[in-house]
Amino acid sequence: MKSFLSIKNLTKTEIMQLIKRGLEFKNGAKAKVNASVSNIFLEPSTRTMMSFQKAQKDLGINIYDLPIANSSFKKGETLEDTLLNLKSMGINAFVIRTTEENYWDKFTNQFTIINGGDGTKNHPSQALLDAMTIYEHFQTLSNLKVAIIGDIKHSRVFHSNKDLLQKFNSQVDGFGPKVLGGNNQDISEVLGNYDVIMLLRIQHERLKTDFSMADYNAKFGINEHNVSKLKKHAIILHPGPVNRNVEISEKILYNHPQSKILEQVNNGVNVRKAILEFACKNL
Ligand code: CP
């Protein structure tokens with residue numbers, strides 16, 4: 001049983017194997033994976049949920065999406081009991097997103113779990129698709145300077161990316177408002193120092209403090225005034241969903257040549273095929 005839970009559990013070799021397999025899928029490789037997988041998304045998702053579904057369909061996996069709103073979660077059934085029951089039906093792997101951190105510790109080795117994001121600490125498939133995008137651009141994950149800007153306090157994307165990039169000796173610096181874990185520095189002062197600018201979503205649903213989104217964009221967002229400060233080879237990433245004109249101005253979002261945001265989404269399908277193959281190989 002080979003779960004995919006956290007970047008911390010992966011070796012550099014495994015990370016590179018997954019990225020290179022993702023690139024093979026992107027270049028047209030085909031594979032068949034014999035598995036029955038249930039997607040259990042207890043928090044909202046568009047990109048992670050749909051790209052796992054697309055990857056599963058392309059691999060010929062039998063897909064069983066659990067409709068959360070009409071499920072027995074609503075009657076108080078636990079995640080563990082849900083998984084035990086689905087496993088008894090013959091479903092042999094689970095893609096799970098939940099607010100609960102490290103929930104799998106309770107189930108040690110009972111299930112094959114692919115983590116679609118837990119709490120504020122882990123989003124390993126996102127970190128892998130980000131790394132695939134960086135690797136495609138720079139042909140390396142080593143010795144790069146990466147600025148991650150935004151809600152670094154609440155962001156599982158920040159933590160998983162930091163875990164991954166530091167394994168390869170890349171420098172990861174967090175920026176943003178103090179209330180979100182940053183140092184309050186105006187990013188236009190530092191943009192020119194970095195190879196990768198990763199923007200994080202302002203998570204209104206987790207925030208207690210109100211501040212002006214226009215002020216945020218001026219000081220911490222990529223906008224028409226500061227985008228010219230980027231190094232010529234630098235790339236802009238954002239995991240999505242984007243708050244338009246907050247983390248990044250609309251005109252730059254998809255149209256600027258240094259924005260690789262939709263490339264990230266495309267890579268998400270391909271690297272998730274690699275993850276499903278890795279986790280479901282010997283079921
Ligand atoms: N990046 C990301 O996790 O997006 P979703 O919440 O839409 O899955």
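Each reported figure results from applying straightforward, stated rules to the coordinates on display, with no laboratory input. Bear in mind that the values here come from a model prediction, so they are computed numbers and not experimental data. Using ideal geometry, Cβ is built from the backbone for each residue, glycine included, and neighbour counts are taken over all protein chains shown.
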Checklist outcome for this item: Computed from the beta carbon distance with a Förster radius of 25 Å, FRET efficiency for N184 and T108 to the nearest 0.05 stands at 0.05
Checklist entry - Where does region 62-117 land on Rg(C-alpha)/(2.2 N^0.38 Å)? => result 1.08
Checklist entry - So, in Å, what gap is there between the alpha-carbon centers of region 44-111 and region 236-271? => result 27
Next on the checklist: For Cα pairs less than 8 Å apart in space and 6+ apart in sequence, what is the mean separation divided by the residue count of region 1-121, i.e. the relative contact order in percent?
Outcome noted: 34
Checklist outcome for this item: Mean separation of Cα contacts under 8 Å (at least 6 apart) over the residue count of the chain, i.e. the relative contact order in percent, is 24
Checklist outcome for this item: For the chain, the longest principal axis of the Cα atoms and the Cα long axis of helix 79-88 enclose an angle in degrees, to the nearest 10, of 50
Next on the checklist: Quick check: the angle from helix 12-26's long axis to the longest principal axis of the chain, C-alpha only, nearest 10 degrees?
Outcome noted: 90
Checklist outcome for this item: Placing each pseudo-label 7 Å from Cα in the direction of the beta carbon, D81 and Q171 end up separated by a distance in nanometres of 5.3
Checklist entry - What is the Cα convex hull volume of region 119-166 when expressed per residue in Å³? => result 66
Item to check | Coordinate range along principal axes, alpha carbons of region 16-76, Å, largest first | outcome: 44, 22, 16
Item to check | Length released on extending from K8 to N34, taking residue separation times 0.36 nm less the Cα-Cα span | outcome: 6.6 nm
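Kirkwood Rh and Cα-based Rg: tell me the resulting Rg over Rh for the chain, rounded to two decimals.
0.97
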Item to check | C-alpha long axis of helix 261-280 to longest principal axis of the chain, angle in ° | outcome: 30
Item to check | Ordering of 185-197, 123-135 by burial proxy (mean other Cβ atoms within 10 Å per residue, highest first) | outcome: 123-135, 185-197
